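Reviewing the structure listed below.
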Amino acid sequence: MSRWLPTPLMSLALLLLWLMLNQSIEPAHLLLGAIIAIAVPLLVAPLRPTPVRVSRPLTIIRLTGYALIEILRSCFNVCTLILFGGGRLNSQFIRIPLDLRDPHGLAVLACIINSTPGTVWVEIIPGSHDLALHVFDLHDAAWWVNTIKTKLESPLIEIFEQEKA
């Protein structure tokens, strides 16, 4: 079974997405959707760096809620700065030391940071495991470091690295 369906949830999601996009459950759409649902995960399996083990569903919900609130808060702040700021911006790069090592966790952290207006993930600095982060209007670098370490990185370690420890 796992040979033909390496990621059954992804296959199910692809099949449902196909059926919703076509707004039909005719046999032809079911067959084509099933072919896509089997073929796509098989074709992308070699691209995945390591198998992912996700745990702690309540932590995932808490992280998602915090990320959405932070994105909305940042949208409002950046809008306010652009419309009424009058050119008083303090745009800078900061370094944030990361303890997170799991590639999936780092990818999720990058997605959250890049989805938050006013911040851009630049790179993991070579020779260290520090994140270079660009902040649109920086007033307190310690607040950014603390927020990313406690509100984002800590739950991601709990989700992706808990079983490895």
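The values are calculated or read from the model by the stated rules, or taken from the named source; none is laboratory data. Being a predicted model, the structure only gives us computed values, none of them experimental. Neighbour counts run over all protein chains shown; Cβ positions are idealised from the backbone, glycine included.
Tabulated values for the structure
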{"item": "Enumeration of residues in segment 21-66 that are in contact with a helix residue (DSSP H, G or I) (Cβ under 6 Å, 6 or more places away or on another chain) and at positive phi", "result": "Arg56"}
{"item": "Hits in segment 1-20 (condition: in a helix (DSSP H, G or I) and surrounded by 12 or more Cβ atoms within 10 Å (Cβ to Cβ))", "result": "Pro8, Met10, Ser11, Leu12, Ala13, Leu14, Leu15, Leu16, Leu17, Trp18, Leu19"}
{"item": "Meets criteria (among the aliphatic types (A, V, I, L, M), assigned to a helix (DSSP H, G or I) and modelled with pLDDT of 90 or more) for Ala142", "result": "yes"}
{"item": "Selection count where residues are touching a Leu at 6+ places or on another chain (Cβ under 6 Å) and either part of a helix (DSSP H, G or I) or on the phi > 0 side of the Ramachandran plot (or both), scope segment 87-105", "result": "1"}
{"item": "Residue in segment 107-124 that is surrounded by the fewest Cβ atoms within 10 Å (Cβ to Cβ), counting only those that are touching a residue at least 24 places away in the same chain (Cβ under 8 Å) and part of a helix (DSSP H, G or I)", "result": "Ser115"}
{"item": "Residue list for segment 135-159, filter: surrounded by 15 or more Cβ atoms within 10 Å (Cβ to Cβ), over 15 Å from the mean Cα position of the chain (by Cα) and among the hydrophobic types (A, V, I, L, M, F, W, C)", "result": "Val135, Phe136, Leu138, Ala141, Trp144, Val145"}
{"item": "Qualifying positions in segment 32-79 - polar (S, T, N, Q) and either touching a strand residue (DSSP E or B) at 6+ places or on another chain (Cβ under 6 Å) or part of a helix (DSSP H, G or I) (or both)", "result": "Thr59, Thr64, Ser74, Asn77"}
{"item": "Qualifying residue in segment 125-134 (condition: assigned to a helix (DSSP H, G or I), over 15 Å from the mean Cα position of the chain (by Cα) and within 28 Å of Val54 (Cβ to Cβ))", "result": "no"}
{"item": "Test: residue in segment 90-99 that is aliphatic (A, V, I, L, M) and within 16 Å of the chain's Cα centre (by Cα)", "result": "yes"}
